[in-house]
1. Please report, in whole Å, how far the alpha carbons of the range 49-143 spread along each principal axis, starting with the longest.
2. By its C-alpha gyration tensor, with a ≥ b ≥ c as the square roots of the eigenvalues, how is the range 145-195 shaped: rounded for a/c under 1.5, else prolate for a/b larger than b/c, else oblate?
3. Write out the trypsin sites (Lys or Arg not before Pro) in the range 99-160 meeting two conditions: DSSP loop, and at most 12 other Cβ atoms within 10 Å of their Cβ.
4. Mind listing the phi-derived Karplus ³J(HN,Hα) values for the range 28-44, rounded to whole Hz, using 6.51, -1.76 and 1.60 with θ = phi - 60°, and x for any glycine or proline?
5. Which far-off residues, 5 or more places away or on another chain, put their amide H under 5 Å from the one on GLY179, with H placed in the peptide plane?
6. Taking 2.2 N^0.38 Å as the expected size of a compact globular protein, what ratio does the Cα radius of gyration of the range 85-126 give against it, to two decimals?
7. Between ASN173 and residues 5 or more places away or on another chain, which pairs have amide H atoms under 5 Å apart, with H built 1.01 Å from N, and which residues are they?
8. For a quick check, take a GNM of the chain with Cα springs below 10 Å and name the residue from ILE147, ILE43, ILE126 with the largest mean-square fluctuation.
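The values are calculated or read from the model by the stated rules, or taken from the named source; none is laboratory data. Since this is a predicted model, take the numbers as computed values, not measurements. All Cβ positions, even for glycine, are placed from backbone atoms using ideal geometry, and neighbour counts span all protein chains on display. Heads up: the accessible areas ignore ligands, DNA and RNA and are worked out on the full protein's heavy atoms, side chains in. Shrake-Rupley method; radii C 1.70, N 1.55, O 1.52, S 1.80 Å.
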Amino acid sequence: MSQVFPENRVVHPIEQESFRRLRARLDTSHFPPLTRAVVERVIHSAADLDYADDLVTDESALEKAHAALHAGAPVVVDVEMVAAGITRRDTVCRLRDAKSGPGRTRSAHAVRLAYEDVGPGALWVIGCAPTALEELLTLDADPALVIGLPVGFVGAAESKAALRESGLPAVSNVSEKGGSAVAAAALNALLYHPVTKEFS
């Protein structure tokens, strides 16, 4: 099967060894291809094998999101730390322009501003603020995918449960953990995964 990579990505020997050790400690071979890519890269980013059971994904949603991403769909992030982890794709982050207000956080306002920029069909990567994810769920955003992995003791697990209940195509996790690094890793898994006839 022919493979076309979005860019020539050289994998450092340390990363290769890290994935070898990960696979020696955890059998991921039963996962479908894109789910496996997401699970492994999230685990790699956090050195936390528990994500194998904590993550919630859907292979068909990932296939559609993978196609949209490689066709040039915009990527929106909630904070600059997520953007910093996505090094091979431009992202949209409006947090610097956002303002808090009565009943609204800066993160929630930033999501609304970003939606005004990108419209429907974007991939949304939320790794910090539960309120950003909550705001996204109030919009008619028609996303290609929502990577909803905010972290925290207040609202994080609840916002991710609401994402799953929404029926939107998503990557989430059940627990309170998450964060910018794992959210960026989930997007990178799709970005680095080769485009093949299987996924085109």
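1. For the range 49-143, the Cα extents along the three principal axes come out at 39, 32, 27 Å.
2. Because a/c hits 1.5 or more and a/b fails to exceed b/c, the range 145-195 counts as oblate.
3. Answer in residue order: LYS99.
4. Values per residue, Gly and Pro as x: 10, 5, 7, 6, x, x, 6, 4, 4, 4, 5, 4, 5, 6, 5, 4, 4 Hz.
5. VAL151
6. Normalised Cα radius of gyration, the range 85-126: 1.23.
7. VAL56
8. Looking only at ILE147, ILE43, ILE126, the largest GNM fluctuation is found for ILE43.
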